[in-house]
Amino acid sequence: MRYPDLELDLLRAFVAVAETGSFTAAADVVHRSQSAVSQKVLRLEEILGRRVFDRTSRTLGLTPDGERLLVAARQMLEFNDRVMRTWREPPTSGTLRLGVSEDFIPGQLPKLLARFGRLYPDVHIDLMTGLSCNLLEAYDANRLDAVIAKRGGTNLRGRVIWREPLVWLASTDYELDFTRPARLVMLAPPCSYRELMIAALDSVRREWVAACTASSLMGVQAAVAGGLGVTLLGRSFVQEGMQILRAPELWPALPMTEVTVLGEDRAPDLVEPLIAFLSQSLAGHDALAIAA
């Protein structure tokens, strides 16, 4: 029996809607109008004979069939992109000494690096992770070819690939007591998170004490989830056992945080594919902003 073909542009529109959560945002990702994206999804549902989205005037979610399709659609698109890259681009190979800050979407980073490895199997990644300040020192000492680091303090370099709101975090059962100084969980200086925390509380004349000083962001998360105090981090650091303290009702409002890539001029043959990959992969994630 001959089955109809699943057209890749229909799958690309479907994946964009599933990842962004709206037809409007998906239209920007695939560079089509909102109505065109809607028509592509309807055409896909017609070919499949199944509904892939549950749609109401206020909500949009995947059906069970849509969840199954999303896995297959991503695999098909990745295979297509890998084949086309093989034919249309010279093979990318070599060793990329890459430093990645702990600030960069911790829940997604392993998946992104694994997918990059599948798309560029001839690129060996020599990976260093840690605090942005330490990675930048290694980059300036020519021990790294490229760095994904948090912008702030003395680091105003690189291309912005990620923006997200900063939030106040505490454990889900943490009891706030405004009659006493705020108990803070922080990194040792120099640290832009620490500086922002102190400046924000000083702006509203709120007293504070350092309840815990950790040596890593994982340590900060563990201390906060354990109820030792409150901290300031990007929204992607929220995990089970934590709550976001709403601002400005309880805590001072906060700015956005930015993550940048450095190294485009140092190893362009390796860094440019990485930046293009990250830009495409993160296009559907919440709070992303790519610099023009």
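The values are calculated or read from the model by the stated rules, or taken from the named source; none is laboratory data. Since we're looking at a predicted model, the values are computed, not measured. Don't worry about glycine lacking a Cβ; one is built from the backbone with ideal geometry, like all the others, and counts go over all protein chains shown. Heads up: the accessible areas ignore ligands, DNA and RNA and are worked out on the full protein's heavy atoms, side chains in. Shrake-Rupley method; radii C 1.70, N 1.55, O 1.52, S 1.80 Å.
Phi angles across segment 130-146 convert, under the Karplus curve 6.51 cos²θ - 1.76 cosθ + 1.60 with θ = phi - 60°, into 3J(HN,Hα) values of x, 6, 4, 4, 6, 5, 5, 4, 5, 5, 5, 8, 6, 8, 9, 7, 8 Hz, Gly and Pro given as x.
Which whole-number percent gives the relative contact order of the chain, counting Cα pairs below 8 Å spaced six or more residues apart? Normalised by residue count, the contact order of the chain is 21 percent. Label positions at LEU48 and ALA72, each projected 7 Å from the Cα along the C-beta direction, are separated by 0.8 nm.
The 3J(HN,Hα) values that the Karplus relation (6.51, -1.76, 1.60; θ = phi - 60°) gives for segment 178-184 are, in residue order, 7, 7, 10, x, 5, 8, 10 Hz. Gly and Pro appear as x.
With respect to the chain, whose longest principal axis is taken over its alpha-carbon atoms, helix 268-281 is tilted by about 90°.
A Förster radius of 22 Å, combined with the Cβ-Cβ distance separating ARG235 from GLU137, puts the computed FRET efficiency at roughly 0.20. Near TRP162, the amide H atoms lying under 5 Å from its own belong to VAL259, ALA289; only residues 5 or more places off or on other chains count, and H is placed 1.01 Å from N. For the chain, the per residue solvent-accessible surface stands at 54 Å², with DNA, RNA and ligands left out and a 1.4 Å probe. The modelled label-to-label distance for the pair ILE244/GLN39, using points 7 Å beyond Cα in the direction of Cβ, is 3.6 nm. Given R₀ = 41 Å, what would the calculated FRET efficiency be for ASP28 paired with ARG206, taking r from the Cβ atoms and rounding to 0.05? About 0.55, to the nearest 0.05. Highest-first packing order for the peptide set 133-144, 56-67 is 133-144, 56-67, based on the mean count of other beta carbon atoms within 10 Å. Per residue, the chain reaches -12500 deg cm²/dmol at 222 nm when only DSSP H runs of four or more residues are counted, each adding -39500 (n - 2.57). The HN-Hα couplings worked out from phi for segment 257-262 by the Karplus form 6.51 cos²θ - 1.76 cosθ + 1.60 (θ = phi - 60°) are 10, 10, 10, 10, 10, 10 Hz, whole numbers, x standing for Gly and Pro. Using the Cβ-Cβ distance between THR213 and ARG115 with R0 set to 25 Å, the FRET efficiency works out to roughly 0.10. Determine the share of the chain's accessible area contributed by carbon and sulfur atoms, expressed in whole percent, with a 1.4 angstrom probe. On the chain, the fraction of accessible area on carbon and sulfur atoms equals 52 percent. Put simply, the amide H of THR129, placed in the peptide plane, has neighbours under 5 Å in VAL100, leaving out anything fewer than 5 places away on its chain.
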